[in-house]
Amino acid sequence: MLAKRIIPCLDIKDGRVVKGTNFVGLRDAGDPLELAQRYNEQSADELVFLDIAASQENRGTRVELAARLARELFIPFTIGGGISSIEDIRALVTSGADKVSINSSAIKRPELITEGADRFGAQCIVVAIDVKRVGDHWEVFSHGGTRSTGLNAYEWALEAEKRGAGEILLTSMDTDGAKTGFDLEITATISKAVNIPVIASGGGGELEHFKDAVEQGAADAVLAASVFHYGQFTVAQVKHYLHEQGIPVRLTP
């Protein structure tokens, strides 16, 4: 079994890291570079930076942030928000991003997934899927969770993989920021349906939640924000807990 990855997520708005609950009620969590350096020291497996207002404000992700991060970090990082063209992807990768996360633009024009994978490799293209339970299924939302798309999350995940996505970042809007646990049902449903890695996101609040995400949710990686930003746990604490539970993780001395 491959080692499970623990990934802090930094949602960025107006140049600051913010965190809310269910995609609303944002509060300040600090400077993105300072937090990134902290997680670098804690031996996070990767980092994810999401410019959460870029799509709503119809602008691109700031390339200069990617360049700053590349100079300071020694771990892989993904950057997303407002990426709408192959030129945007090229600019971020050239600036030092290891992967790019596309969401609203992939929904609007799914060909962007294939174009990015063909040009930069599938491993570079992460398709972020924000989902909310609607009746008996999970629906995909775009533009930072503000717009219903009518897409079925299960079907969209399969299409994203078919079009060339190398990874799926799956966020439950119902559990996001609530610290009540990840949505194990939709995570397991999608993880078992696709043959590419799935990152579970939304709801981590206790150490057991990370264990549940990989065991019951079948996730390949677990992403969290609040518990790391506000010091409830360190990345190392989560990894050591999982190791003690018999789950393979990358540990550092």
Review point. In deg cm²/dmol and to the nearest 500, what is the mean residue ellipticity at 222 nm of the chain if only DSSP H runs of at least 4 residues count, each as -39500 (n - 2.57), divided by the residue total?
Key: -10000 deg cm²/dmol
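Would you please classify the overall shape of the stretch 5-244 from the alpha carbon gyration tensor, given that a ≥ b ≥ c denote the square roots of the eigenvalues, rounded means a/c under 1.5, and beyond that prolate means a/b larger than b/c while oblate covers the rest?
Cα axes put the stretch 5-244 in the rounded bin.
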Review point. For the stretch 196-205, in order, what is each residue's ³J(HN,Hα) by Karplus, 6.51 cos²θ - 1.76 cosθ + 1.60 with θ = phi - 60°, in whole Hz (x at glycine and Pro)?
Key: 10, x, 10, 9, 7, 9, x, x, x, x
Study note, to complete from the structure: In debye to the nearest 20, the charge dipole size for the chain, taken about the Cα centre with +1 at each Lys and Arg Cβ and -1 at each Asp and Glu Cβ, equals 320 debye
Check your understanding: Scaled to the compact-protein estimate 2.2 N^0.38 Å, what is the alpha-carbon radius of gyration of the stretch 184-229, rounded to two decimal places?
Key -> 1.08
Point to revise | Table column - 3J(HN,Hα) (Hz), the stretch 129-138, Karplus curve with 6.51, -1.76, 1.60, x for Gly and Pro | key: 10, 9, 10, 9, 6, 10, x, 9, 9, 9
Review point. Of all chymotrypsin sites (Phe, Trp or Tyr not before Pro) in the stretch 208-253, which ones are in loop regions per DSSP and have a Cβ with at most 12 other Cβ atoms within 10 Å?
Key: Y230
Revision key, fill the gap. Per 5 angstrom bin, beginning at 0 and ending with the bin that holds the maximum distance, the Cα pairs of the stretch 149-191 fall in percents of 5, 20, 27, 25, 15, 7, 1
Practice item. Please name which of S105, L73, I83 has its Cα lying farthest along the dipole of the stretch 66-123 towards the positive end, using unit charges on Cβ (Lys, Arg +1; Asp, Glu -1) and the Cα centre as origin. Key: L73
**Study point:** Rounded to 5, the percent of DSSP beta bridges in the stretch 5-244 classed as antiparallel
**Key:** 35 percent
Review point. Just G231, G177, G202 to compare: in a GNM of the chain, with alpha carbon springs under 10 Å, which one fluctuates most?
Key: G231
Check your understanding: Applying the Karplus parametrisation 6.51 cos²θ - 1.76 cosθ + 1.60 with θ = phi - 60° to the phi angles of the stretch 219-232, what ³J(HN,Hα) value in whole Hz is obtained for each residue in order, glycine and proline being reported as x?
Key -> 6, 8, 8, 10, 10, 8, 10, 3, 5, 8, 4, 9, x, 5
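A short reminder: the numbers here are calculations on the coordinates, not readings from a lab. Quick caveat, the model's predicted, so the values are computed rather than measured. Quick reminder, even Gly has a Cβ in these numbers, built from the backbone with ideal geometry, and neighbours come from all protein chains shown.
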